[in-house]
Amino acid sequence: AGKWNTTIDRTRFWRHSLEVAIACREIAEAIKYGCDEEAFVAGLIHDIGLLVLEKSFPEKFERIWLEAERGESIFEQEERVWESNHARIGRFLLEQWNLPEVICQAVGYYHNEFSPGNNEPEFRLPQIVALADIIARFSITKARPLLSSEQEYKEILCTNLKLDPRKLCEIEKALFGKTVQEAGFLEIEIGSPDDLMVEANRSEEHTSELQSRQSI
């Protein structure tokens with residue numbers, strides 16, 4: 001068997017995935033989604049398509065990942081190279097595994113651009129995952145693209161999901177602590193305390209830079 005090229009830092013991958021899973025569960029609970037654990041699972045595996053691409057196209061993926069580490073959009077690069085992206089590829093894989101369709105759709109659609117007023121039932125879970133992914137402080141890549149529309153999009157998703165922005169703020173504030181706590185409980189390696197503080201500080205700098213851009 002050939003050696004699996006591990007371009008993606010697994011600690012960063014699972015740290016981000018667990019944080020998004022916890023955020024999904026908290027958002028689902030806040031909006032009375034009805035199945036919090038379903039939301040948790042969707043969040044935990046939302047980026048599984050990245051591992052498929054890494055395994056299937058190691059050389060191309062490594063080049064794309066290097067750009068992503070510098071802050072370029074991974075989705076834009078995937079579309080350019082494969083005319084697809086890891087969300088759709090993840091959905092295809094999960095369908096082969098016969099996972100519930102609602103989870104497959106959440107993984108496949110979470111990167112869609114949801115428009116204001118979209119409150120259709122089949123798009124509730126994808127929007128929960130999308131919102132959780134935005135508020136996650138731990139990113140998979142070392143750099144995180146500065147998207148000037150991030151705050152605006154967060155507000156759109158909140159409105160679509162009928163989530164009180166103050167409640168979202170509470171979820172965001174508690175997310176770091178809950179991620180560290182649950183990583184210990186689930187025995188998921190998410191890095192040393194120093195690593196976690198560096199990531200948290202980087203996330204705060206990212207948020208501050210976004211806010212300063214929006215105020216110009």
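The values are calculated or read from the model by the stated rules, or taken from the named source; none is laboratory data. Since the model is a prediction, treat every value here as computed from it, not as a measurement. Remember, those area values only see protein heavy atoms, side chains included, never the ligands or the DNA or RNA. Shrake-Rupley method; radii C 1.70, N 1.55, O 1.52, S 1.80 Å.
Taking each pair of different alpha-carbon atoms in segment 1-100 once, compute 1/r for the pair, average those values, and report the inverse of that mean as the Kirkwood hydrodynamic radius in Å to one decimal.
For segment 1-100, the Kirkwood estimate is 14.7 Å.
Give the Kirkwood hydrodynamic radius (Å, one decimal) of the chain, defined as one over the mean of 1/r across all pairs of different Cα atoms.
Every distinct Cα pair counted, the radius reaches 17.7 Å.
So, how do all the Cα-to-Cα distances of segment 71-183 break down into 10 Å bins, in percent, from 0 on up?
12, 38, 40, 10, 0
Please state the relative contact order of segment 59-162 as a whole percent: Cα pairs under 8 Å, 6+ residues apart?
Relative contact order comes out at 29 percent.
Per residue of the chain, what 222 nm ellipticity follows from adding -39500 (n - 2.57) for every DSSP H run with n ≥ 4, rounded to the nearest 500?
Numbers: 11 runs with 148 residues, N = 216.
It lands at -22000 deg cm²/dmol.
Which ³J(HN,Hα) values, rounded to whole Hz and listed in residue order, are derived for segment 161-171 from phi using the Karplus coefficients 6.51, -1.76 and 1.60 in 6.51 cos²θ - 1.76 cosθ + 1.60 with θ = phi - 60°, glycine and proline given as x?
8, 6, 9, 4, x, 5, 5, 4, 4, 4, 4
Tell me whether segment 48-135 comes out rounded, prolate or oblate; compute the Cα gyration tensor, take square roots of the eigenvalues as a ≥ b ≥ c, and use a/c under 1.5 as the rounded threshold. List each step's numbers first, then the result.
Values: a/c = 2.52, a/b = 1.44, b/c = 1.74.
Oblate, since a/c reaches 1.5 and b/c is not below a/b.
Rounded to the nearest angstrom and ordered from largest down, what semi-axes does the equivalent ellipsoid of segment 31-89 get from its C-alpha gyration tensor (root of 5λ)?
27, 12, 10
Run the reach check for Lys162 against lysines, Cα to Cα strictly under 27 Å, same-chain hits fewer than 8 apart removed. What comes back?
Counting by Cα, and skipping residues close in sequence, Lys162 has these lysines nearby: Lys32, Lys154, Lys173, Lys178.
Whenever you get a sec, compute what percent of the accessible area on the chain sits on carbon and sulfur atoms (1.4 Å probe). Display every interim value, and only then the final one.
On the way: 5980 of 11460 Å².
Here carbon and sulfur together make up 52 percent of the probe-accessible area.
Rolling a 1.4 Å sphere over the protein heavy atoms, what is the accessible area per residue of the chain, to the nearest Å²?
Accessible area per residue, the chain: 53 Å².
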